[in-house]
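Have a look at the structure below, then the notes.
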Amino acid sequence: MSPRRGSLFGLDAGVKAGVIAAMRARPGRSAEPAPHRLDDEGRTSSRPDLRDHPLYRELLVQKLAADRLDIANPFFRVHERAAGHRTTIAGRDYVNFASYNYLDLVEHPAVVGAARTAIDTFGTSASASRPVGGERPVHAALEAAIARLHGTEAAVAFVSGHGTNVSVLGKLFGPRDLIVHDALAHNSIQVGAQLSGAARRAFAHNDPASCEAVLRSYRGRAERAIIVVEGLYSMDGDTPDLAAFVALARRFDAFLMVDEAHSVGTVGATGRGVAEHAGVAPAEVDIWMGTLSKSFAGCGGYVAGSSVLVDMLKFAAPGFLYSVGMPPPVAAASTAAIEILEAEPERPRRLQANGRAFVDSAKAHDLDVGRSEGFNVVPVIVKSSVLAARLSNWLFERGVNVQPILYPAVEEKAARLRFFVTCAHTPAELERAAALTAEGLRLLRR
Ligand SMILES: Cc1ncc(COP(=O)(O)O)c(C=O)c1O
(Lines give C-alpha, C1' and ligand atoms only; values in the text may rest on other atoms or scores of the structure.)
Protein backbone atom coordinates (compact mmCIF):
# COMPACT_ATOMS: atom_id res chain seq x y z
CA MET A 1 0.00 0.00 0.00
CA SER A 2 1.26 3.46 -0.73
CA PRO A 3 2.17 5.76 2.17
CA ARG A 4 -0.59 8.14 3.16
CA ARG A 5 -0.39 11.61 4.53
CA GLY A 6 -1.83 12.11 7.97
CA SER A 7 -0.92 11.66 11.59
CA LEU A 8 2.57 10.35 12.20
CA PHE A 9 2.64 6.92 13.85
CA GLY A 10 -0.67 7.83 15.52
CA LEU A 11 1.03 10.63 17.48
CA ASP A 12 -0.85 13.60 18.78
CA ALA A 13 0.31 16.98 17.49
CA GLY A 14 2.37 17.80 20.63
CA VAL A 15 4.48 14.64 20.53
CA LYS A 16 4.88 14.94 16.78
CA ALA A 17 6.12 18.52 17.07
CA GLY A 18 8.62 17.43 19.73
CA VAL A 19 9.95 14.65 17.54
CA ILE A 20 10.36 16.96 14.56
CA ALA A 21 12.07 19.58 16.73
CA ALA A 22 14.49 16.89 17.93
CA MET A 23 15.19 15.99 14.29
CA ARG A 24 15.85 19.58 13.36
CA ALA A 25 18.20 19.98 16.33
CA ARG A 26 20.49 17.20 15.05
CA PRO A 27 23.85 18.85 14.34
CA GLY A 28 24.60 19.33 10.66
CA ARG A 29 21.09 18.39 9.45
CA SER A 30 18.89 21.05 7.97
CA ALA A 31 15.15 20.61 7.65
CA GLU A 32 14.97 22.38 4.26
CA PRO A 33 16.79 20.98 1.23
CA ALA A 34 19.70 23.24 0.22
CA PRO A 35 19.91 24.16 -3.48
CA HIS A 36 22.77 22.51 -5.31
CA ARG A 37 25.57 24.96 -6.20
CA LEU A 38 28.62 24.66 -8.45
CA ASP A 39 31.71 26.79 -8.08
CA ASP A 40 33.09 28.95 -10.91
CA GLU A 41 34.86 25.96 -12.42
CA GLY A 42 31.69 23.89 -12.49
CA ARG A 43 32.68 21.72 -9.54
CA THR A 44 30.82 20.96 -6.37
CA SER A 45 32.57 21.23 -3.04
CA SER A 46 30.40 18.70 -1.24
CA ARG A 47 29.48 15.03 -1.48
CA PRO A 48 25.80 14.02 -1.40
CA ASP A 49 24.87 12.67 2.01
CA LEU A 50 22.32 9.86 2.25
CA ARG A 51 21.37 11.12 5.68
CA ASP A 52 19.68 14.04 3.90
CA HIS A 53 17.39 11.67 2.02
CA PRO A 54 13.74 12.15 3.04
CA LEU A 55 13.32 8.40 3.58
CA TYR A 56 16.15 8.37 6.08
CA ARG A 57 14.59 11.30 7.89
CA GLU A 58 11.27 9.50 7.99
CA LEU A 59 12.98 6.44 9.45
CA LEU A 60 14.66 8.53 12.13
CA VAL A 61 11.40 10.25 13.01
CA GLN A 62 9.75 6.86 13.52
CA LYS A 63 12.64 5.64 15.66
CA LEU A 64 12.60 8.79 17.75
CA ALA A 65 8.85 8.51 18.16
CA ALA A 66 9.16 4.91 19.36
CA ASP A 67 11.96 5.93 21.79
CA ARG A 68 9.96 8.78 23.25
CA LEU A 69 6.94 6.59 23.72
CA ASP A 70 9.14 3.84 25.14
CA ILE A 71 7.98 1.25 22.58
CA ALA A 72 10.45 -1.58 21.93
CA ASN A 73 11.02 -2.30 18.24
CA PRO A 74 8.84 -5.34 17.40
CA PHE A 75 10.50 -5.84 13.99
CA PHE A 76 13.53 -7.86 12.87
CA ARG A 77 13.40 -10.23 15.83
CA VAL A 78 15.99 -13.00 15.55
CA HIS A 79 14.42 -16.48 15.64
CA GLU A 80 16.63 -19.39 16.65
CA ARG A 81 14.66 -22.04 14.80
CA ALA A 82 12.42 -22.53 11.75
CA ALA A 83 9.27 -20.47 11.28
CA GLY A 84 6.80 -22.89 12.84
CA HIS A 85 3.65 -22.36 14.90
CA ARG A 86 6.09 -22.17 17.78
CA THR A 87 9.40 -20.38 17.71
CA THR A 88 12.37 -19.56 19.94
CA ILE A 89 13.61 -15.99 20.36
CA ALA A 90 16.48 -15.17 22.72
CA GLY A 91 16.15 -18.64 24.22
CA ARG A 92 12.45 -18.26 25.00
CA ASP A 93 9.58 -20.30 23.51
CA TYR A 94 6.74 -18.42 21.77
CA VAL A 95 3.52 -19.30 20.02
CA ASN A 96 4.17 -17.80 16.62
CA PHE A 97 1.62 -15.94 14.51
CA ALA A 98 4.14 -14.02 12.42
CA SER A 99 5.12 -16.49 9.69
CA TYR A 100 3.53 -17.73 6.47
CA ASN A 101 4.28 -21.40 7.07
CA TYR A 102 0.56 -22.05 6.61
CA LEU A 103 0.76 -25.77 5.84
CA ASP A 104 3.57 -26.47 8.34
CA LEU A 105 5.88 -27.72 5.59
CA VAL A 106 9.06 -25.72 6.19
CA GLU A 107 10.58 -28.55 8.24
CA HIS A 108 8.68 -31.48 6.72
CA PRO A 109 11.13 -34.38 6.14
CA ALA A 110 10.07 -34.82 2.50
CA VAL A 111 10.52 -31.09 1.79
CA VAL A 112 13.87 -30.86 3.55
CA GLY A 113 14.95 -34.17 1.95
CA ALA A 114 14.07 -32.92 -1.55
CA ALA A 115 16.13 -29.77 -0.95
CA ARG A 116 19.09 -31.85 0.30
CA THR A 117 18.98 -34.18 -2.70
CA ALA A 118 18.84 -31.18 -5.06
CA ILE A 119 21.87 -29.63 -3.35
CA ASP A 120 23.78 -32.90 -3.65
CA THR A 121 22.97 -33.11 -7.37
CA PHE A 122 22.85 -29.50 -8.58
CA GLY A 123 24.49 -27.44 -5.82
CA THR A 124 22.98 -24.37 -4.19
CA SER A 125 22.51 -21.96 -7.11
CA ALA A 126 21.27 -21.95 -10.71
CA SER A 127 24.21 -19.55 -11.22
CA ALA A 128 22.64 -17.73 -14.21
CA SER A 129 19.30 -16.99 -15.80
CA ARG A 130 17.66 -20.13 -17.19
CA PRO A 131 17.75 -19.04 -20.85
CA VAL A 132 21.50 -18.46 -20.53
CA GLY A 133 22.67 -20.89 -17.85
CA GLY A 134 20.28 -23.67 -18.79
CA GLU A 135 17.54 -25.56 -17.03
CA ARG A 136 17.77 -28.14 -14.27
CA PRO A 137 15.09 -30.85 -14.17
CA VAL A 138 13.84 -29.41 -10.87
CA HIS A 139 12.65 -26.27 -12.69
CA ALA A 140 10.40 -28.17 -15.10
CA ALA A 141 9.14 -30.39 -12.26
CA LEU A 142 8.18 -27.32 -10.20
CA GLU A 143 6.38 -25.63 -13.06
CA ALA A 144 4.51 -28.84 -13.94
CA ALA A 145 3.38 -29.16 -10.31
CA ILE A 146 2.18 -25.53 -10.23
CA ALA A 147 0.24 -25.93 -13.50
CA ARG A 148 -1.31 -29.19 -12.25
CA LEU A 149 -2.37 -27.56 -8.97
CA HIS A 150 -4.01 -24.60 -10.69
CA GLY A 151 -5.47 -26.66 -13.54
CA THR A 152 -3.73 -24.59 -16.21
CA GLU A 153 -1.76 -25.47 -19.33
CA ALA A 154 1.56 -24.15 -18.08
CA ALA A 155 3.41 -22.19 -15.40
CA VAL A 156 6.65 -20.24 -14.98
CA ALA A 157 8.58 -19.63 -11.75
CA PHE A 158 10.39 -16.41 -10.85
CA VAL A 159 12.91 -15.89 -8.02
CA SER A 160 10.77 -13.27 -6.28
CA GLY A 161 7.04 -13.12 -5.60
CA HIS A 162 7.12 -9.32 -5.44
CA GLY A 163 9.22 -9.23 -8.60
CA THR A 164 6.73 -11.48 -10.37
CA ASN A 165 3.91 -8.95 -10.13
CA VAL A 166 6.22 -6.07 -11.00
CA SER A 167 7.63 -7.89 -14.00
CA VAL A 168 4.37 -9.32 -15.33
CA LEU A 169 2.22 -6.19 -15.07
CA GLY A 170 5.14 -3.93 -15.96
CA LYS A 171 5.87 -5.84 -19.17
CA LEU A 172 2.48 -7.01 -20.44
CA PHE A 173 0.81 -3.59 -20.22
CA GLY A 174 1.75 -0.17 -21.51
CA PRO A 175 0.69 3.47 -21.80
CA ARG A 176 -2.33 2.72 -24.02
CA ASP A 177 -3.74 0.23 -21.50
CA LEU A 178 -5.80 0.27 -18.31
CA ILE A 179 -5.02 -1.58 -15.06
CA VAL A 180 -7.91 -1.72 -12.60
CA HIS A 181 -7.06 -3.12 -9.19
CA ASP A 182 -8.54 -3.49 -5.74
CA ALA A 183 -7.82 -0.51 -3.48
CA LEU A 184 -6.05 -2.84 -1.03
CA ALA A 185 -3.91 -4.55 -3.67
CA HIS A 186 -0.44 -5.57 -2.54
CA ASN A 187 2.42 -3.14 -3.14
CA SER A 188 3.87 -5.40 -5.86
CA ILE A 189 0.68 -5.06 -7.93
CA GLN A 190 0.70 -1.30 -7.56
CA VAL A 191 4.40 -1.00 -8.40
CA GLY A 192 3.96 -3.25 -11.46
CA ALA A 193 1.03 -1.15 -12.62
CA GLN A 194 3.05 2.07 -12.15
CA LEU A 195 5.98 0.63 -14.07
CA SER A 196 3.75 -0.33 -17.00
CA GLY A 197 2.79 3.30 -17.64
CA ALA A 198 -0.84 2.18 -18.09
CA ALA A 199 -3.69 4.22 -16.68
CA ARG A 200 -4.10 2.84 -13.16
CA ARG A 201 -7.41 3.00 -11.31
CA ALA A 202 -8.30 1.45 -7.95
CA PHE A 203 -11.82 0.30 -7.11
CA ALA A 204 -13.27 0.14 -3.59
CA HIS A 205 -12.06 -2.91 -1.72
CA ASN A 206 -13.77 -6.12 -2.79
CA ASP A 207 -16.57 -4.21 -4.47
CA PRO A 208 -17.49 -5.47 -7.98
CA ALA A 209 -19.96 -2.57 -8.38
CA SER A 210 -17.15 -0.08 -7.85
CA CYS A 211 -14.97 -2.05 -10.31
CA GLU A 212 -17.79 -1.88 -12.83
CA ALA A 213 -18.09 1.89 -12.39
CA VAL A 214 -14.35 2.29 -13.02
CA LEU A 215 -14.54 0.11 -16.13
CA ARG A 216 -17.53 2.06 -17.42
CA SER A 217 -15.62 5.32 -17.07
CA TYR A 218 -12.23 4.28 -18.38
CA ARG A 219 -12.42 1.05 -20.43
CA GLY A 220 -13.45 2.79 -23.65
CA ARG A 221 -10.24 4.83 -23.79
CA ALA A 222 -7.87 1.89 -23.38
CA GLU A 223 -6.53 -0.60 -25.88
CA ARG A 224 -6.21 -3.48 -23.41
CA ALA A 225 -7.54 -3.68 -19.87
CA ILE A 226 -6.93 -5.94 -16.90
CA ILE A 227 -8.66 -6.37 -13.56
CA VAL A 228 -6.35 -7.46 -10.73
CA VAL A 229 -7.66 -8.98 -7.49
CA GLU A 230 -6.21 -11.12 -4.72
CA GLY A 231 -7.44 -14.57 -3.72
CA LEU A 232 -7.21 -13.71 -0.01
CA TYR A 233 -6.36 -10.17 1.03
CA SER A 234 -3.17 -10.17 3.02
CA MET A 235 -4.15 -7.48 5.51
CA ASP A 236 -7.83 -8.32 5.95
CA GLY A 237 -8.23 -12.04 5.29
CA ASP A 238 -11.25 -11.75 3.00
CA THR A 239 -11.81 -13.34 -0.42
CA PRO A 240 -13.17 -11.72 -3.59
CA ASP A 241 -16.44 -12.60 -5.31
CA LEU A 242 -14.48 -14.23 -8.10
CA ALA A 243 -17.50 -15.09 -10.26
CA ALA A 244 -18.54 -11.40 -10.26
CA PHE A 245 -15.06 -10.31 -11.37
CA VAL A 246 -15.03 -12.97 -14.09
CA ALA A 247 -18.37 -11.62 -15.35
CA LEU A 248 -17.01 -8.06 -15.37
CA ALA A 249 -13.90 -9.13 -17.25
CA ARG A 250 -16.07 -10.79 -19.92
CA ARG A 251 -18.45 -7.82 -20.17
CA PHE A 252 -15.74 -5.23 -20.52
CA ASP A 253 -13.36 -7.28 -22.68
CA ALA A 254 -10.71 -7.23 -19.96
CA PHE A 255 -8.15 -9.76 -18.77
CA LEU A 256 -8.44 -11.00 -15.19
CA MET A 257 -5.44 -11.61 -12.90
CA VAL A 258 -5.65 -13.18 -9.44
CA ASP A 259 -2.78 -13.00 -6.93
CA GLU A 260 -3.03 -16.19 -4.89
CA ALA A 261 -0.07 -15.42 -2.58
CA HIS A 262 -2.14 -16.07 0.57
CA SER A 263 -4.92 -18.24 -0.88
CA VAL A 264 -3.10 -21.07 -2.65
CA GLY A 265 -2.80 -24.03 -0.30
CA THR A 266 -5.14 -22.43 2.20
CA VAL A 267 -8.46 -21.60 0.52
CA GLY A 268 -10.76 -24.09 -1.23
CA ALA A 269 -11.81 -27.56 -0.09
CA THR A 270 -8.45 -29.09 -1.08
CA GLY A 271 -6.36 -25.91 -0.92
CA ARG A 272 -6.38 -25.24 -4.65
CA GLY A 273 -7.18 -21.60 -4.01
CA VAL A 274 -9.95 -19.18 -4.70
CA ALA A 275 -11.14 -20.82 -7.97
CA GLU A 276 -11.97 -23.95 -6.00
CA HIS A 277 -13.49 -21.87 -3.17
CA ALA A 278 -15.68 -19.87 -5.57
CA GLY A 279 -16.54 -22.73 -7.94
CA VAL A 280 -14.97 -20.91 -10.91
CA ALA A 281 -13.21 -22.81 -13.71
CA PRO A 282 -9.47 -21.98 -13.72
CA ALA A 283 -9.58 -21.07 -17.41
CA GLU A 284 -11.89 -18.13 -16.60
CA VAL A 285 -8.88 -16.34 -15.12
CA ASP A 286 -6.18 -15.26 -17.54
CA ILE A 287 -3.27 -14.87 -15.13
CA TRP A 288 -2.93 -16.86 -11.93
CA MET A 289 -0.11 -15.48 -9.84
CA GLY A 290 1.17 -17.01 -6.62
CA THR A 291 4.17 -17.22 -4.33
CA LEU A 292 6.24 -20.14 -3.13
CA SER A 293 7.21 -18.34 0.07
CA LYS A 294 3.99 -19.04 1.95
CA SER A 295 2.19 -22.39 1.68
CA PHE A 296 5.02 -23.93 -0.31
CA ALA A 297 7.98 -23.62 2.05
CA GLY A 298 10.23 -21.89 -0.47
CA CYS A 299 10.85 -18.54 -2.05
CA GLY A 300 9.85 -16.90 -5.31
CA GLY A 301 6.74 -16.33 -7.36
CA TYR A 302 5.00 -17.87 -10.32
CA VAL A 303 2.46 -17.33 -13.04
CA ALA A 304 0.13 -20.11 -14.19
CA GLY A 305 -2.11 -19.88 -17.24
CA SER A 306 -2.16 -20.64 -20.94
CA SER A 307 0.93 -21.79 -22.83
CA VAL A 308 0.74 -18.53 -24.79
CA LEU A 309 1.04 -16.50 -21.58
CA VAL A 310 3.87 -18.61 -20.17
CA ASP A 311 5.84 -18.68 -23.43
CA MET A 312 5.51 -14.92 -23.70
CA LEU A 313 6.71 -14.35 -20.13
CA LYS A 314 9.67 -16.72 -20.56
CA PHE A 315 10.58 -14.75 -23.66
CA ALA A 316 10.04 -11.23 -22.34
CA ALA A 317 9.43 -10.79 -18.58
CA PRO A 318 12.51 -8.98 -17.25
CA GLY A 319 12.32 -10.68 -13.82
CA PHE A 320 12.64 -14.04 -15.57
CA LEU A 321 14.84 -13.23 -18.54
CA TYR A 322 17.36 -11.02 -16.76
CA SER A 323 17.30 -12.69 -13.36
CA VAL A 324 18.85 -15.87 -12.03
CA GLY A 325 16.87 -19.12 -12.13
CA MET A 326 15.28 -20.50 -8.99
CA PRO A 327 17.96 -22.15 -6.77
CA PRO A 328 17.60 -25.93 -7.29
CA PRO A 329 17.03 -26.74 -3.58
CA VAL A 330 14.23 -24.17 -3.37
CA ALA A 331 12.57 -25.46 -6.55
CA ALA A 332 12.79 -29.03 -5.24
CA ALA A 333 11.47 -28.05 -1.79
CA SER A 334 8.43 -26.24 -3.21
CA THR A 335 7.68 -29.10 -5.61
CA ALA A 336 7.68 -31.51 -2.66
CA ALA A 337 5.43 -29.12 -0.72
CA ILE A 338 2.89 -29.03 -3.57
CA GLU A 339 2.95 -32.84 -3.74
CA ILE A 340 2.25 -33.04 -0.01
CA LEU A 341 -0.68 -30.64 -0.37
CA GLU A 342 -2.08 -32.82 -3.18
CA ALA A 343 -1.70 -35.98 -1.07
CA GLU A 344 -2.89 -34.48 2.24
CA PRO A 345 -5.98 -32.28 1.83
CA GLU A 346 -6.40 -32.56 5.60
CA ARG A 347 -3.74 -29.84 5.91
CA PRO A 348 -5.86 -27.04 4.37
CA ARG A 349 -8.91 -28.48 6.16
CA ARG A 350 -7.11 -28.21 9.53
CA LEU A 351 -5.90 -24.74 8.68
CA GLN A 352 -9.44 -23.62 7.81
CA ALA A 353 -10.82 -25.13 11.04
CA ASN A 354 -8.09 -23.27 12.96
CA GLY A 355 -8.81 -19.99 11.19
CA ARG A 356 -12.52 -20.28 11.93
CA ALA A 357 -11.88 -21.23 15.56
CA PHE A 358 -9.56 -18.25 16.02
CA VAL A 359 -12.02 -15.80 14.47
CA ASP A 360 -14.88 -17.22 16.59
CA SER A 361 -12.80 -17.01 19.73
CA ALA A 362 -11.63 -13.46 18.94
CA LYS A 363 -15.22 -12.36 18.34
CA ALA A 364 -16.32 -14.02 21.57
CA HIS A 365 -13.70 -11.85 23.31
CA ASP A 366 -15.12 -8.74 21.58
CA LEU A 367 -12.10 -8.26 19.34
CA ASP A 368 -12.57 -6.53 15.99
CA VAL A 369 -11.44 -8.96 13.26
CA GLY A 370 -12.72 -6.73 10.48
CA ARG A 371 -13.67 -8.61 7.33
CA SER A 372 -11.65 -11.76 8.06
CA GLU A 373 -13.41 -14.86 6.77
CA GLY A 374 -11.49 -17.15 9.10
CA PHE A 375 -8.78 -18.53 6.85
CA ASN A 376 -5.09 -17.99 7.51
CA VAL A 377 -5.09 -14.18 7.87
CA VAL A 378 -6.89 -12.69 10.87
CA PRO A 379 -6.42 -9.03 11.80
CA VAL A 380 -7.31 -7.63 15.19
CA ILE A 381 -8.00 -3.98 14.49
CA VAL A 382 -7.12 -1.61 17.32
CA LYS A 383 -7.25 1.70 15.39
CA SER A 384 -3.99 3.15 16.71
CA SER A 385 -0.42 2.44 15.65
CA VAL A 386 0.94 3.16 19.13
CA LEU A 387 -1.62 0.82 20.71
CA ALA A 388 -0.90 -1.90 18.13
CA ALA A 389 2.86 -1.68 18.78
CA ARG A 390 2.31 -1.72 22.55
CA LEU A 391 -0.13 -4.63 22.37
CA SER A 392 2.31 -6.63 20.23
CA ASN A 393 5.05 -6.05 22.83
CA TRP A 394 2.67 -6.87 25.71
CA LEU A 395 1.79 -10.18 24.05
CA PHE A 396 5.45 -10.86 23.31
CA GLU A 397 6.21 -10.59 27.02
CA ARG A 398 3.58 -13.30 27.55
CA GLY A 399 4.91 -15.72 24.94
CA VAL A 400 2.84 -14.74 21.88
CA ASN A 401 4.69 -13.46 18.81
CA VAL A 402 2.38 -11.43 16.56
CA GLN A 403 3.33 -8.42 14.47
CA PRO A 404 1.64 -5.02 14.53
CA ILE A 405 0.69 -3.42 11.21
CA LEU A 406 1.16 0.30 11.61
CA TYR A 407 0.56 3.47 9.67
CA PRO A 408 1.60 4.02 6.85
CA ALA A 409 1.23 0.31 5.88
CA VAL A 410 -2.47 0.78 6.71
CA GLU A 411 -4.47 3.88 7.52
CA GLU A 412 -4.02 4.96 11.15
CA LYS A 413 -7.64 4.10 11.97
CA ALA A 414 -7.01 0.60 10.59
CA ALA A 415 -3.82 -0.11 12.65
CA ARG A 416 -3.90 -3.71 13.80
CA LEU A 417 -2.21 -6.88 14.87
CA ARG A 418 -2.14 -9.44 12.10
CA PHE A 419 -2.30 -13.11 13.05
CA PHE A 420 -1.14 -15.71 10.53
CA VAL A 421 -2.86 -18.95 11.48
CA THR A 422 -1.33 -22.27 10.38
CA CYS A 423 -2.60 -25.84 10.29
CA ALA A 424 -0.26 -26.68 13.18
CA HIS A 425 -1.62 -24.28 15.80
CA THR A 426 -3.49 -26.12 18.55
CA PRO A 427 -6.96 -25.12 19.78
CA ALA A 428 -5.43 -24.21 23.14
CA GLU A 429 -2.83 -21.93 21.52
CA LEU A 430 -5.51 -20.17 19.49
CA GLU A 431 -7.86 -19.68 22.43
CA ARG A 432 -5.08 -18.42 24.73
CA ALA A 433 -3.86 -15.96 22.07
CA ALA A 434 -7.37 -14.54 21.60
CA ALA A 435 -8.00 -14.28 25.36
CA LEU A 436 -4.62 -12.64 26.02
CA THR A 437 -5.09 -10.18 23.16
CA ALA A 438 -8.43 -9.10 24.61
CA GLU A 439 -6.93 -8.77 28.11
CA GLY A 440 -3.94 -6.77 26.83
CA LEU A 441 -6.17 -4.47 24.85
CA ARG A 442 -8.37 -3.79 27.88
CA LEU A 443 -5.33 -3.00 30.06
CA LEU A 444 -3.54 -0.84 27.50
CA ARG A 445 -6.64 1.14 26.58
CA ARG A 446 -7.12 2.31 30.15
C1 LIG B 1 -0.60 -10.48 -2.12
C2 LIG B 1 0.89 -10.62 -2.21
N3 LIG B 1 1.47 -10.70 -3.42
C4 LIG B 1 2.81 -10.80 -3.56
C5 LIG B 1 3.63 -10.87 -2.46
C6 LIG B 1 5.11 -10.97 -2.64
O7 LIG B 1 5.55 -12.26 -2.35
P8 LIG B 1 7.00 -12.60 -1.80
O9 LIG B 1 7.02 -12.20 -0.35
O10 LIG B 1 7.08 -14.07 -1.97
O11 LIG B 1 7.96 -11.83 -2.62
C12 LIG B 1 3.08 -10.82 -1.19
C13 LIG B 1 3.94 -10.91 0.01
O14 LIG B 1 3.58 -11.14 1.09
C15 LIG B 1 1.66 -10.69 -1.04
O16 LIG B 1 1.09 -10.61 0.16
Just to check your reading of the model, which residue among V359, V330 is in a helix (DSSP H, G or I), assigned by TED's automatic domain parsing to the domain that holds A144, under 21 Å from the mean Cα position of the chain (by Cα) and at pLDDT 95 or above? V330
Evaluate the following for A283: is it within 19 Å of P345 (Cα to Cα) and of a type outside the set (V, I, T)? no
Please pick out the residue among V369, V400, V386 that is of a type in the set (V, I, T), over 27 Å from S160 (Cα atoms) and at pLDDT below 95. V386
Do the conditions hold for S160, that is, is it open to solvent by 40 Å² or more (accessible area, probe 1.4 Å), small (G, A, S) and at pLDDT 95 or above? yes
Taking V324 as meeting all but one of (1) in contact with a strand residue (DSSP E or B) (Cβ under 9 Å, 6 or more places away or on another chain); (2) surrounded by fewer than 17 Cβ atoms within 10 Å (Cβ to Cβ), write down the number of the exception. (1)
Here the qualifying pairs (Cβ atoms under 7 Å; residues six or more apart or on different chains; first in segment 382-404 and touching a residue at least 12 places away in the same chain (Cβ under 8 Å); second surrounded by 23 or more Cβ atoms within 10 Å (Cβ to Cβ) and basic (K, R)) come out as V382/R416; A388/R416; Q403/R418
Residue match in segment 139-149 (condition: closer than 30 Å to A278 by Cα, charged (D, E, K, R) and crowded, with 21+ Cβ neighbours inside 10 Å): yes
Any residue that is in the same structural domain as S293 (by TED's automatic domain parsing), surrounded by fewer than 19 Cβ atoms within 10 Å (Cβ to Cβ) and away from the ligand (no atom under 15 Å from the Cβ) - is there at least one of those in segment 176-192? yes
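L242 - would you say it is in the same structural domain as N187 (by TED's automatic domain parsing), open to solvent by less than 10 Å² (accessible area, probe 1.4 Å), out of contact with any strand residue (DSSP E or B) (no Cβ under 6 Å at 6 or more places or on another chain) and more than 13 Å from the ligand (Cβ to nearest atom)?
Numbers: in the same structural domain as N187 (by TED's automatic domain parsing): yes; open to solvent by less than 10 Å² (accessible area, probe 1.4 Å): yes; out of contact with any strand residue (DSSP E or B) (no Cβ under 6 Å at 6 or more places or on another chain): yes; more than 13 Å from the ligand (Cβ to nearest atom): yes.
Taking the combined requirement at face value, the residue satisfies it.
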Unmet requirement for V132, which otherwise passes all of (1) within 27 Å of A332 (Cβ to Cβ); (2) surrounded by 13 or more Cβ atoms within 10 Å (Cβ to Cβ); (3) more than 16 Å from the ligand (Cβ to nearest atom); (4) hydrophobic (A, V, I, L, M, F, W, C): (2)
Exactly one of E344, E339 is free of Cβ contacts under 8 Å to residues at least 60 places away in the same chain and either farther than 18 Å from F97 by Cβ or in contact with a strand residue (DSSP E or B) (Cβ under 6 Å, 6 or more places away or on another chain) (or both), and that residue is E344
Collect the residues in segment 47-90 that are open to solvent by 80 Å² or more (accessible area, probe 1.4 Å), over 24 Å from the mean Cα position of the chain (by Cα) and within 16 Å of L395 (Cβ to Cβ), keeping them in residue-number order. A90
Selection from segment 163-175 of residues open to solvent by 10 Å² or more (accessible area, probe 1.4 Å) and under 14 Å from the mean Cα position of the chain (by Cα) yields G163, V166
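The values are calculated or read from the model by the stated rules, or taken from the named source; none is laboratory data. Since the model is a prediction, treat every value here as computed from it, not as a measurement. Cβ atoms come from the backbone with ideal geometry, glycine included; neighbour counts cover every protein chain shown. The protein model used for the area step is the full one, side chains on, heavy atoms only, and it has no ligands, DNA or RNA in it. Shrake-Rupley method; radii C 1.70, N 1.55, O 1.52, S 1.80 Å.
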